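Remarks on the structure that follows.
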Amino acid sequence: MRDLPAIAFDNSYARDLEGFYVPWAGSKAPAPEVLRLNTALAAELGLDYPSLASKPGAAMLSGGTAPDGAVPLAMAYAGHQFGGFSPQLGDGRALLLGEVIDRKGRRRDIHLKGSGRTPFSRGGDGKAVLGPVLREYLFGEAMHALGIPTTRALAAILTGEAVQRQTGPEPGAVLARVAASHLRVGTFQFFAARGEVEKVRQLADYAINRHFPEIAARDDKYLELFRRVRDAQAALVAQWVHVGFVHGVMNTDNTTISGETIDYGPCAFIDAYDPKAVFSSIDEYGRYAFGNQPPIMQWNLSRFAETLVDLVNPEDSEDAVRQLTNEINAFPSHYQALWLNGMRAKLGLFKVLPGDLDLANDLLAAAEAQGVDYTGLFRAMGVFVRGNVTPVRALFADPAPFDVWMDRYLRRMRDETIPETARADAMDRVNPIYIPRNHLVDAALSAAVAGDMAPFDRLLALVSAPFTEQADAEEYARPAPESFGKFTTYCGT
């Protein structure tokens, strides 16, 4: 097709990692149309968004037509899925269209999800439908606004075809998303499981050069690579927990080397605080429950460490295992420190004092016991610090346990000479008002599939500015009504 958007691709994955992918072309959509375009992200990437929104742009973003300079490919990877190892997964319904250097000099992938079958499809149709595409668009922007590393949607494209799913035909769609890279723990596992040590080394060198170039000259660069990925993932999961996010499918193929959140399939945000909260229809045993995310990430990182043994010490595998095990064992304390620092911020505490861990945990225990709304609790704490305790006490059916905790909190605040307004303002900068509440997401996506995008656009606007109170938006800050019942998410494949 003529007049395709001009994009300055610089495709290092295709250039440097031959044999790690299959060159491939997406399916041609019968009537591609850009339904929503993230113009702010397009500008950040240095792309001409009017051309992206055009018919040729829609043809490109749906995967059917590759522009000059693109090298579309399906990436190979493996992964542990719910604890069981699959030696070959790969991009079964996605393509890496290419890489661009954004306006800040950062290398970014442009990746298409739902662009058709590939050699890794494993019997699937390779397609996506509108609801899950818009879900990933919404959650990615919400997480970005919350300051959490994440892939982001560049565009949602209608394909003009009906795609068959269990509930019947649904509008076909493609998600064009952007990431620092799509390197996964599962990418390393693919080659390590085949005993291809030199390919693991090649991949590790590529990951270092792309994400951690400052360590490339170190003698212990592969051990340091593990440390950097461990620390990035510890920070990521701590941030998830701070805002009540449940990923839902923390397989090793969904664990990135960059430390970004990837693949918003059966994810959700909790309303009532509950460490055992599970939303995914396929997580029958709670492996990926809200409170289980930190130890699962440590488990995933252990699988990553296994792929690096022959690189850390090629002459002495026992020594390599010892070194990597020491680093893995450091995860819990490192994670707890990050989590506790974030909880101090949520509570408006600036000093580091010995009783802070118990203080934070005891508030959460009181909230759990009474099913208190997690997001509302911390936002109301800022109101309390400003002098009005009524909203936060009202969240507890029996406020007596909170009152006992509140006395401790007041004493703790007196250990710091921070003006009340400054403390509350700092709390409001980290405690959101608006998150993608499950009942609101469900309603917005149902309306969008029926042809009404207004609820989606309204919700997207609010979660894109989560810390700022908006007029006539009170209902968006409330948990689901009891009539909504138990919420279940699906992968959307």
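The values are calculated or read from the model by the stated rules, or taken from the named source; none is laboratory data. Note that the structure is a prediction, hence the values are computed from the model and not measured. Cβ coordinates were reconstructed from backbone atoms using ideal geometry, including for glycine residues, and neighbour counts include every protein chain displayed. Each accessible area value is taken on the protein alone, full model and side chains, heavy atoms only, with ligands, DNA and RNA left out. Shrake-Rupley method; radii C 1.70, N 1.55, O 1.52, S 1.80 Å.
For this structure, a couple of remarks:
- From most to least packed by mean Cβ count within 10 Å, the peptides 32-41, 19-28, 462-471, 89-98 give 89-98, 32-41, 19-28, 462-471.
- Three-way shape label, segment 201-359, alpha-carbon gyration tensor, a/c 1.5: prolate
- Of all aspartates and glutamates in the structure, the ones whose alpha carbon falls short of 14 Å from that of K127, not counting any fewer than 8 places away in one chain, are D91, E161, E170.
- Phi-based couplings in Hz for segment 131-143 (Karplus 6.51, -1.76, 1.60; Gly and Pro marked x): x, x, 5, 5, 4, 5, 4, 5, 5, x, 5, 5, 5
- Anisotropy class of segment 374-493 from Cα gyration tensor, a/c 1.5 cut: prolate
- Derived scalar couplings ³J(HN,Hα) [segment 310-316; Karplus, 6.51 cos²θ - 1.76 cosθ + 1.60; whole Hz; x for Gly, Pro]: 6, 8, 5, 8, x, 8, 9
- GluC sites (Glu not before Pro) lying in DSSP loop within segment 340-440, provided at most 14 other Cβ fall within 10 Å: E416
- Segment 84-226, relative contact order in percent, only Cα pairs under 8 angstrom and at least six apart counted: 20 percent
- Mean Cβ neighbour count within 10 Å, used as a protection proxy, ranking 99-107, 355-363 highest first: 355-363, 99-107
- Backbone HN-Hα couplings from phi across segment 331-342 [Karplus 6.51/-1.76/1.60, Hz, Gly and Pro as x]: 4, x, 5, 5, 4, 4, 5, 5, 4, 5, 4, x
- Gyration tensor (alpha-carbon) shape descriptor, segment 79-139, a/c threshold 1.5: prolate
- The alpha carbon centroids of segment 34-111 and segment 440-480 are separated by 26 Å.
- Subset of K276/K346; K55/K113; K113/K346; K113/K486 violating a 24 Å alpha-carbon distance limit: K113/K346; K113/K486
- Annotation: the antiparallel percentage among DSSP beta bridges lying fully within the chain is about 95.
- Segment 171-220: trypsin sites (Lys or Arg not before Pro) in DSSP coil with no more than 14 other Cβ atoms inside 10 Å: R194, R218
- For W405, the accessible area of its heavy atoms, probed at 1.4 Å with every protein chain present, is near 10 square angstrom.
- Sparse packing (at most 16 other Cβ atoms within 10 Å of the Cβ) combined with a DSSP loop state is found for the following trypsin sites (Lys or Arg not before Pro) in segment 318-364: K351.
- Amide hydrogen neighbours beyond the local backbone of G98, cut-off 5 Å, H modeled: I110
- The relative contact order of the chain comes to 14 percent, based on Cα pairs under 8 Å that sit 6 or more residues apart.
- Cross-link partners of K199 among lysines (Cα-Cα below 18 Å; sequence separation of 8 or more within a chain): K221
- Remark: the chain carries 40 Å² of accessible area per residue (probe radius 1.4 Å; ligands, DNA and RNA excluded).
- Mean Cβ neighbour count within 10 Å, used as a protection proxy, ranking 385-395, 123-133 highest first: 123-133, 385-395
- Every helix of 4 or more DSSP H residues in the chain counts as -39500 (n - 2.57), and over all residues that averages to -13000 deg cm²/dmol at 222 nm.
- Within-12-Å neighbourhood charge of I296 [Cβ basis; K, R +1; D, E -1]: +1
- Net charge in the neighbourhood of G160 (other residues with Cβ under 11 Å of its Cβ; Lys, Arg +1, Asp, Glu -1) is -1.
- Angle between the chain longest axis and helix 356-370 axis [Cα atoms, degrees, rounded to 10]: 90 degrees
- Only Lys, Arg (+1) and Asp, Glu (-1) charged, at Cβ; segment 358-435 dipole about Cα centre in debye: 220 debye
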